[in-house]
Amino acid sequence: MQNAAAVRVEGLVKRFGAKTAVNDLHLTVAAGSVTCVLGPNGAGKTTTIETCEGYLRPDAGTVRVLGLDPVRDAEALHPRIGVMLQSGGVYPGVRAVEMLRHTASLHAHPLDVDALVERLGLGSCGRTPYRRLSGGQQRRLALAMAVVGRPELVFLDEPTAGLDPQARRATWELVRRLRQDGVTVVLSTHHMEEAEELSDHVAIVDGGRVIAEGSPEQLCRGGAENSLRFTGQPALDLESLLKALPDDCAAVEATPGSYRLTGTIDPQLLATVTAWCAQHGVMPDRITVERLTLEDVFLELTGRELRG
């Protein structure tokens, strides 16, 4: 992955009347990465993305996309980016593949339309007018239109909303292929599994600011403690066990014979626990390691479910 920034947002402020939707937001998207922007309703993520796309003008701060101002340099920028809108952007009466071919014709070196239609399963609805497509078919067409021009950077807004599991997996594979080809992807999604599967970097937005960011692994390590559980004979000497463990660990017997350890759960700690059990003649019936998911971290940070 390249180190250059495909998107750089510094001190972004955007107001709508008396309401401040984005307040001193900073975000950097590395070139060639998949970056996921998460946030609940009213967090400011959609406003931030639409500002990067050039649909909104900042009230303060700077936004640079591929080194250009999305508003001032729109004419130069638009051929280099792809935008997948959450809805709209297609003539209601146009046939699906007809619209895709038209979009491809606007670019100098588009992807093969027939191959893209097959990859996204649009062949069965290719002659269907847009207004008669299902929600999932409309999402797949919007995705195809966003990537058919071979953009350097693509913004994907809820790309798998309304898709069945098979179509969702096909979309994931397309996103992975884009990254392999060096395309930068900025993704917003309701699906935490999707963010964990696809993202190199996640930015969680709330209150108009980025409140946490990092790789999915970094964020999951940085939230509430992970835990290791094992079962064995009741009333083990936990004081002796804790002496063998790192200082940041805690241990409790939640129920008779059921033990829970919290702290930095890594291979070394697991080896220490099993060694202690062996030294004290303890045969654990079951050892499980529980780690935070991205959804756990999101809810811990924002205090509410992701709703869009």
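For this structure, a couple of remarks:
- Checked against (1) in a helix (DSSP H, G or I); (2) at pLDDT below 95, residue 176 passes all but a single condition, namely (2).
- Residue match in segment 22-33 (condition: of a type in the set (D, E, K, R) and at pLDDT below 95): no
- In segment 283-308, the residues that are out of contact with any helix residue (DSSP H, G or I) (no Cβ under 8 Å at 6 or more places or on another chain) and either closer than 21 Å to residue 237 by Cβ or hydroxyl-bearing (Ser, Thr, Tyr) (or both): 285, 286, 288, 302
- Looking at 106, 85, just one residue is closer than 18 Å to residue 155 by Cβ, modelled with pLDDT under 95 and open to solvent by 80 Å² or more (accessible area, probe 1.4 Å), and that residue is 106.
- Residue match in segment 254-268 (condition: over 26 Å from residue 193 (Cα atoms), touching a residue at least 40 places away in the same chain (Cβ under 8 Å), surrounded by 14 or more Cβ atoms within 10 Å (Cβ to Cβ) and not aromatic (Phe, Trp, Tyr)): no
- Within segment 117-167, considering residues that are assigned to a helix (DSSP H, G or I) and more than 26 Å from residue 37 (Cα to Cα), the one most open to solvent (accessible area, probe 1.4 Å): 132
- Taking segment 190-230 as the range and being open to solvent by less than 50 Å² (accessible area, probe 1.4 Å), within 19 Å of residue 175 (Cβ to Cβ), assigned to a loop (DSSP other than H, G, I, E, B) and in contact (Cβ under 8 Å) with a residue 60 or more places away in the chain as the test, the residues that pass are 199, 200.
- Residue, modelled with the lowest pLDDT, within segment 289-308, restricted to residues that are open to solvent by less than 80 Å² (accessible area, probe 1.4 Å) and part of a helix (DSSP H, G or I): 296
- Looking only at residues of segment 269-288 that are open to solvent by 70 Å² or more (accessible area, probe 1.4 Å) and modelled with pLDDT under 90, we find that the one that is nearest to residue 43 (Cα to Cα) is 286.
- When each of 101, 80, 72 is tested for being out of contact with any Leu (no Cβ under 9 Å at 6 or more places or on another chain) and in contact (Cβ under 8 Å) with a residue 12 or more places away in the chain, the lone residue that passes is 101.
- Neighbours by Cβ (under 7 Å, 6+ apart or cross-chain): first from segment 20-45, under 9 Å from residue 206 (Cα atoms); second among the aromatic types (Phe, Trp, Tyr): 38/298
- Of all residues in segment 232-253, those that are part of a strand (DSSP E or B) and open to solvent by less than 30 Å² (accessible area, probe 1.4 Å) total 1.
- Flag for residue 14 being under 17 Å from residue 156 (Cα atoms) and among the basic types (Lys, Arg): no
Residues checked against (1) over 24 Å from residue 299 (Cβ atoms); (2) open to solvent by less than 60 Å² (accessible area, probe 1.4 Å); (3) polar (S, T, N, Q):
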residue: 7; (1), (2), (3): yes, yes, no
residue: 11; (1), (2), (3): yes, yes, no
residue: 19; (1), (2), (3): yes, no, no
residue: 25; (1), (2), (3): no, yes, no
residue: 33; (1), (2), (3): yes, yes, yes
residue: 37; (1), (2), (3): no, yes, no
residue: 44; (1), (2), (3): no, yes, no
residue: 60; (1), (2), (3): yes, yes, no
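- Residues satisfying the stated conditions in segment 167-190, i.e. more than 15 Å from residue 153 (Cβ to Cβ) and within 8 Å of the chain's Cα centre (by Cα): 189
The values are calculated or read from the model by the stated rules, or taken from the named source; none is laboratory data. Keep in mind it's a predicted model, so treat the numbers as computed, not measured. For neighbour counting, all protein chains shown are included, and Cβ atoms are generated from backbone atoms with ideal geometry for every residue, glycine included. Please note that ligands, DNA and RNA were not included when accessible areas were found on the heavy atoms of the full protein model with its side chains. Shrake-Rupley method; radii C 1.70, N 1.55, O 1.52, S 1.80 Å.
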